[in-house]
Amino acid sequence: MSHTVAEIAAALGLEAVGDTSIVVEGVAEPADCPPDRLAMAMKPEYAEGIAKGSARAAMLWGEADWQALGLEAAILAPRPRYALSALSAMMDPGQGYPAGIHPMSAIDPTAKLGRDVTVGPFSVIGADVIIGDGAVIGPQVHVGWGTRIGDDALLHAGAKIGARCTIGDRFIAHFNAVVGNDGFSFVTPEASGVEKARETLGDQGEAKGQPWARIASLGGVTIGDDVEVGAAAAIDRGTVRDTRIGDGTKIDNQVQVGHNTVVGRHTLLCGQVGIAGSVTIGDFVVLAGQVGVSDNIRIGDNVICGGSTIVLSSIPAGRVMLGYPAMKMDQHLETYKALRRLPRLSREVAELRKAVSKEDPSD
Amino acid sequence: MSHTVAEIAAALGLEAVGDTSIVVEGVAEPADCPPDRLAMAMKPEYAEGIAKGSARAAMLWGEADWQALGLEAAILAPRPRYALSALSAMMDPGQGYPAGIHPMSAIDPTAKLGRDVTVGPFSVIGADVIIGDGAVIGPQVHVGWGTRIGDDALLHAGAKIGARCTIGDRFIAHFNAVVGNDGFSFVTPEASGVEKARETLGDQGEAKGQPWARIASLGGVTIGDDVEVGAAAAIDRGTVRDTRIGDGTKIDNQVQVGHNTVVGRHTLLCGQVGIAGSVTIGDFVVLAGQVGVSDNIRIGDNVICGGSTIVLSSIPAGRVMLGYPAMKMDQHLETYKALRRLPRLSREVAELRKAVSKEDPSD
Amino acid sequence: MSHTVAEIAAALGLEAVGDTSIVVEGVAEPADCPPDRLAMAMKPEYAEGIAKGSARAAMLWGEADWQALGLEAAILAPRPRYALSALSAMMDPGQGYPAGIHPMSAIDPTAKLGRDVTVGPFSVIGADVIIGDGAVIGPQVHVGWGTRIGDDALLHAGAKIGARCTIGDRFIAHFNAVVGNDGFSFVTPEASGVEKARETLGDQGEAKGQPWARIASLGGVTIGDDVEVGAAAAIDRGTVRDTRIGDGTKIDNQVQVGHNTVVGRHTLLCGQVGIAGSVTIGDFVVLAGQVGVSDNIRIGDNVICGGSTIVLSSIPAGRVMLGYPAMKMDQHLETYKALRRLPRLSREVAELRKAVSKEDPSD
């Protein structure tokens, strides 16, 4: 991972200044930075750390005065966080899974693996699986019968991909991620209390317990290119058609995507988001951590939901939402400001009633 | 999976009409349906898709006019979703784990496996384990020392079952499901801030930090018949007695059931539900996605909690609840309607106070 | 696990009374207690169960009248739950993983294992890993390249520890726990709608979709001594520096700790807690189940957050919080009492407005 400052700047398409022949072996926070690393001081408030550490070179925000910071070299980035993306890819040592097919793996003879594929120890590749070139399948992974995965996949230890899924190129599954488990779909012989409570908004009528009959998941999961699925996340298979995840969508740890749900392109589902079944989510949506979405909801393109927003009804494109239940963010902030003053408001109303009833003895 | 329309209708106990000798190989959504599949058009709004696809036969709602839809045959289902249960079971190709005991598995010689048991590659069966007939134990599964599992279990890849658990017939554990991990039980030498804050409802007194001592989980987990546990779900073992899950209860992905908790029969715990320790949940309860339940709570039979309901106190039988903290659903809907109008209400009260104080110069 | 009552009392530093030579093989709840177990009747309300069971000896609260309960012996504990900690450790049979290095494991020749280390079947120990004395590494575990783990670790089946992590002594990872997966860090070429909505508190301007570029996680995870990580929990690695977990901190099932986050010492993160990236959490903090914490938040020492509290802004030391968004618990209780009365309050204000406008015809 040794690079000169000049090489890094060239790879990132950025301007390098000073002694750009300095070699760095990695990155570090400014205050902990040894001389052989590149300090990441991407905002003015991080720059003071440089003096505490031993950095000779740093990545700085666009207008930074690198010489005043006592550096010998710098890379100037107008949008440093974006530059960090390419820089971190250059510097990433990864998990270091040894290359090649491990002898203690179980690969069905009908599976077709592309060129330069790694399969780690104790991994299982089922019948009729097709895996593209350059895939790195870590240890203890399972890829089920008939599933196709594109080129350059990276499946981390313990990931489980079910049968008959279709996955694009550059797919990443983190530790113990799950794709293609059965959906959670059960039905009662007669209309259940839930069905009645939904119709009446709260009354389940004469509650009569019935056992649940299982509906098997005959669909699979279809995933586009450049998708990630986080640790211990779970993407259910569909009931009749496939559950679908669009190109470029990133799914964080412990996220649940229910059966039949369709998630668009370039959407972020952050940690612990829970999406029920048959939901439709647009492109460029961001659902922050712990957001919950009820079944059969539609969320339009470019919607943003803040942390733990609970979505119980559909959201038009472009909205920014917060709260339980979800409101527009500005309305939520105003409402919750009023909520904090509600006990005082109650007292004020009580006083007003007293005052008004005193004025009007006939009342 | 080839069946004639007549065979399917007979298996489901439903009426078939038209050319019931047509053979189908699976099911499909109406608009994507090839001629060799059965179109699922279970509501009038799905029927228009039939003309776009190539279905010759469909499953339709009870009163459907199948001939007007251009079909050659149909199965008429008065409650089509319920019919889908048996139909999907007939059509489900499953995960396709190869039958038999894989040579790269680790089965303790004292374990007793029933007839026709499959154990996949890299699975571990501990000492004194007893597994019933017909069990399919997928790859990379762990069944701990002394655990008993009934007949016809289906343990998907990566499921981990701890030691000394007792599990009924027809148990299903999805990918990476966990049963029988230690509970989360810690205690401080002297009363902790949490204990004090609970007593005083908010005041922990002079907060004094103490390290936590671990309480080991000596109990196990007892699970009835016909139970499912979802992907990455976790059912803690009990402290002294067992944590218990009743017959027919279905547990979705990423659900947490805390130590000592008792869940009744035919209850649904949907995705990401979190139940703390020592909770008692009745029969035929439905907790929708992300519902949270505090420790030592009782939830009566037939209770329904909507999505993300947070249960901080016990709920009598038959209630339909929503919100944080949980209210009766109709009360919640009325309250949150009022909450959205709260900023306006605040302004109205401010105006009233001004008006009333003008009227009463002595105020 | 056979012990006399006298031995147990001595080990716990507690007073034993009656025939302390009685031998017990384990513990039980009073009503189900066989004669060869110690009944756990740690509060007066549990004592009535003793008559229903067959216990000869019990652990009782400090002032209990053991003879009146018909017992032959008792251990008297002034704080019985604390005594249960040491007692349960004495009685815990554990998961029973067989000792030694299993032949079907994959241990890199450069890994250094301490004395008396167990490695279960189908486990993987990467290059340059260092593991201390007495570690029990269960089956199907992964420890990544260059990671160091201290003495007496217990890694349960399916736990996945990523590369280049540093973990202290007595570490426990439960089934399928994850430590050291990549963080969820993505950036757009130009300022995203999320960045704009954060600045404006709700307005993302002209929403323009941009694909997300990945930021790799170059940091690792550093964990102190005496830390536990629950089933299916996930601790992300840091971006530049390590994510950090302090000594004595206990992390429950399905908890998410985001990249760069620093958690202090002796803190409890209960089930399904979700902590975003770059959060700082103090010592002796308790976050109850499902608590959510936004990124870049600071939570001071000794803070307690009740179940499902959503933390959107920093919390000073010592506070007890509840609600979405988090309020001080007493304020929350008062506010939500008022919220339940809000529909009535709205009606009262409507009546007042009518009354006041009648009085003032000029209005």
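The table that follows gives values for the structure above.
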{"quantity": "Cβ-based charge dipole, the stretch A:106-322, positive-most Cα from A:Gly193, A:Val303, A:Met321", "calculated": "A:Gly193"}
{"quantity": "Relative contact order computed over the stretch C:3-91 (Cα-Cα under 8 Å; 6+ residues apart), in percent", "calculated": "28"}
{"quantity": "Inter-chain shielding of A:258-267 (mean C-beta neighbours from other protein chains, 10 Å cut-off)", "calculated": "2"}
{"quantity": "Within the stretch A:270-363, percent of DSSP bridges classed antiparallel, to nearest 5", "calculated": "15"}
{"quantity": "Shielding by partners - mean other protein chain Cβ count within 10 Å, residues of A:272-285", "calculated": "4"}
{"quantity": "Cα→Cβ-extended label distance, 7 Å offset, between B:Asp133 and B:Asn296, nm", "calculated": "4.8"}
{"quantity": "Per DSSP, loop GluC sites (Glu not before Pro) in the stretch C:129-228 with at most 13 further Cβ within 10 Å", "calculated": "C:Glu190, C:Glu206"}
{"quantity": "Net charge dipole size for the protein assembly as shown [Lys, Arg +1 and Asp, Glu -1 on Cβ; Debye, nearest 20]", "calculated": "1560"}
{"quantity": "Cα-based reach from B:Lys328 at 26 Å (exclusive), listing lysines while leaving out same-chain residues under 8 positions away", "calculated": "A:Lys196, A:Lys208, A:Lys328, A:Lys337, B:Lys250, B:Lys337, C:Lys328, C:Lys337"}
{"quantity": "Cα-projected label distance for C:Asp116 with A:Arg340, points at 7 Å along beta-carbon direction, nm", "calculated": "5.5"}
{"quantity": "Relative contact order [Cα under 8 Å, 6+ residues apart], the stretch B:106-322, whole percent", "calculated": "11"}
{"quantity": "10 °C / 1.306 mPa s Stokes-Einstein diffusion coefficient of the protein assembly as shown, Kirkwood radius on C-alpha pairs, µm²/s", "calculated": "52"}
{"quantity": "Most mobile of C:Asp32, C:Asp133, C:Asp252 in a GNM of chain C (Cα contacts under 10 Å)", "calculated": "C:Asp32"}
{"quantity": "Environment charge at A:Ala216 (Cβ cut-off 10 Å; Lys +1, Arg +1, Asp -1, Glu -1)", "calculated": "0"}
{"quantity": "Sequence-distant aspartates and glutamates (8 or more away, or on other chains) whose Cα lies within less than 13 Å of A:Lys358", "calculated": "B:Glu359, B:Asp360, B:Asp363, C:Glu359"}
{"quantity": "Förster radius 56 Å - calculated FRET efficiency between C:Lys208 and C:Ser54 (Cβ-Cβ, nearest 0.05)", "calculated": "0.15"}
{"quantity": "Those lysines that a straight Cα-Cα span of less than 18 Å connects to B:Lys52, excepting residues fewer than 8 apart in one chain", "calculated": "B:Lys43"}
{"quantity": "Within a Gaussian network of chain B (alpha carbon springs, distance under 10 Å), most fluctuating of B:Ala234, B:Ala173, B:Ala191", "calculated": "B:Ala191"}
{"quantity": "Furthest towards positive pole of dipole, A:Met91, B:Ile75, B:Gln290, structure part the protein assembly as shown, Cβ charges", "calculated": "B:Gln290"}
{"quantity": "Size of charge dipole - the stretch C:106-322 - debye, nearest 20, with Cβ of Lys, Arg +1 and Asp, Glu -1, no other charges", "calculated": "200"}
{"quantity": "Percentage relative contact order, chain B, counting C-alpha pairs under 8 Å, at least six apart", "calculated": "6"}
{"quantity": "Pair B:Asp32, B:Thr280: separation of 7 Å Cα→Cβ label points (nm)", "calculated": "4.8"}
{"quantity": "Counting DSSP beta bridges with both ends in the protein assembly as shown, the antiparallel % (nearest 5)", "calculated": "15"}
{"quantity": "Alpha carbon centroid spacing (whole Å) that separates the stretch A:328-355 from the stretch A:249-312", "calculated": "32"}
{"quantity": "Dipole in debye (nearest 20) - chain B, about Cα centre, beta carbon charges: Lys, Arg +1; Asp, Glu -1", "calculated": "1080"}
{"quantity": "Selected from C:Gly132, C:Gly18, C:Gly220 as most flexible by GNM, with chain C as the system and alpha-carbon contacts under 10 Å", "calculated": "C:Gly18"}
{"quantity": "Residue mean of other protein chain beta carbons inside 10 Å, B:220-232", "calculated": "4"}
{"quantity": "Net charge of Cβ neighbours under 15 Å - reference C:Asp36; Lys, Arg +1; Asp, Glu -1", "calculated": "-4"}
{"quantity": "Once the Cα gyration tensor of chain A is diagonalised, semi-axes √(5λ) in Å", "calculated": "45, 38, 14"}
{"quantity": "Computed [θ] at 222 nm, deg cm²/dmol, chain C (DSSP H ≥ 4; -39,500 (n - 2.57); rounded to nearest 500)", "calculated": "-5000 deg cm²/dmol"}
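Laboratory data are not the source of any read-out in this text; all were calculated from the coordinates shown. Just so it is clear, the model here is predicted, and its values are computed rather than measured. Note that we place each Cβ from the backbone using ideal geometry, even for glycine, and neighbour counts take in every protein chain shown.
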